[in-house]
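Working notes for the structure below.
The values are calculated or read from the model by the stated rules, or taken from the named source; none is laboratory data. Bear in mind the structure is a predicted one, so any value in this text is a computation, not a measurement. Backbone-built Cβ (ideal geometry, glycine too); neighbour counts: all protein chains shown. In case anyone asks, the SASA skips ligands and DNA or RNA and just uses the protein heavy atoms, side chains included. Shrake-Rupley method; radii C 1.70, N 1.55, O 1.52, S 1.80 Å.
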Amino acid sequence: MKLAFSTLGVPGLPVPEVVALATAHGYHGVELRAHPEEPVHAGLAPAQRAETAALFRDAGVELLGLAGYARVAAPGDDAPVLAEIRDLLRLAHDLGAPFVRVFPGADPDRPREESDAIAARRLGTAAEDAAALGVRILLETHDSHRTGADAIRILGPVGHRQVGALWDVMHTWLGGEQPSDTYAALAPHLGYVQVKDIASAEDTTPLPLGAGVLPLGECVDVLSRHHWDGWLCWEYEKRWYEGAAPLPGLLGAGREHLLRVLGEAA
């Protein structure tokens, strides 16, 4: 498996410094948070896109994906949601990123079946754009659909190879789902896995990998037993927790922890 980290852990950090961190600490790739408050977002001009792509290429660091914020199950018209996804897909294509992350974001007061159908319809439509651009849309296990069993209710009806799943190990754990059950649900659709650690269900402040309660070893063991060889991406949520320790000082130990876990699983 290859290792990456998300720029959610280094909010606002210029891309050259992000690439330098990956190189210095031995990470194979980076997931870029795509948001207007970050250096990389859908409003980048063509020259800026080319420059960003070149920074990663020249350093030998892979751009794993763009973490976008489109909410595919949210109520309302399809057009704004599809426009947001298409903007992300074009940005990913221009940067050479294979994946774009989207959220479910369903209204909890609406019938589950209605939200699932809305999300499947939008993803099915966007899948054609994704195919044309050579980018894959990944629905993250998050918010209204935090488990693999939840996500598959959307992904199953879509049934398109350019639409898959992003397994966030914290959300499936918070949803009470066992790693083996998550993998069984998502395996045919799995794009990559976001790892992290927290103190408890009540305190989700990010911790160094291995310092909390999330079953990272069990998750990696399940993946290894099924010969899955994709990406593990450390999503350290510094942006939402200003008091959390700075990520750069944790990257080296985080990589070593993941390598130990991988070694034990092997």
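Laid out as a table, the results:
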quantity	calculated
Pick from the range 87-125, criterion among the small types (Gly, Ala, Ser) and open to solvent by less than 10 Å² (accessible area, probe 1.4 Å), ranking: nearest to residue 46 (Cα to Cα)	92
Selected residue (only one of 207, 258, 262, 250 is buried (at least 22 other Cβ atoms within 10 Å of the Cβ) and not basic (Lys, Arg))	250
Residues of the range 126-145 satisfying the condition of being open to solvent by 20 Å² or more (accessible area, probe 1.4 Å) and touching a Leu at 6+ places or on another chain (Cβ under 6 Å)	129, 133
Every residue from the range 117-148 that is without any contact (Cβ under 8 Å) to a residue 60 or more places away in the chain and polar (S, T, N, Q)	125, 141, 147
Those residues of the range 120-149 which are part of a strand (DSSP E or B) and over 14 Å from the mean Cα position of the chain (by Cα), in sequence order	145
Residues located in the range 38-64, provided they are within 16 Å of residue 89 (Cβ to Cβ), surrounded by fewer than 15 Cβ atoms within 10 Å (Cβ to Cβ) and out of contact with any helix residue (DSSP H, G or I) (no Cβ under 8 Å at 6 or more places or on another chain)	43
Flag if residue 222 is of a type in the set (Val, Ile, Thr), buried (at least 22 other Cβ atoms within 10 Å of the Cβ) and at negative phi	no
Conditions (1) open to solvent by 10 Å² or more (accessible area, probe 1.4 Å); (2) of a type in the set (Phe, Trp, Tyr); (3) touching a Gly at 6+ places or on another chain (Cβ under 7 Å); number of the one not met by residue 173	(3)
Positions within the range 227-244 being farther than 13 Å from residue 170 by Cβ and open to solvent by less than 50 Å² (accessible area, probe 1.4 Å), in sequence order	228, 230, 231, 232, 238, 244
Checklist (1) open to solvent by 10 Å² or more (accessible area, probe 1.4 Å); (2) touching a Ser or Thr at 6+ places or on another chain (Cβ under 7 Å) applied to residue 20, failing item	(2)
Condition met for residue 114 (free of Cβ contacts under 8 Å to residues at least 24 places away in the same chain, over 25 Å from residue 92 (Cβ atoms) and assigned to a helix (DSSP H, G or I))	yes
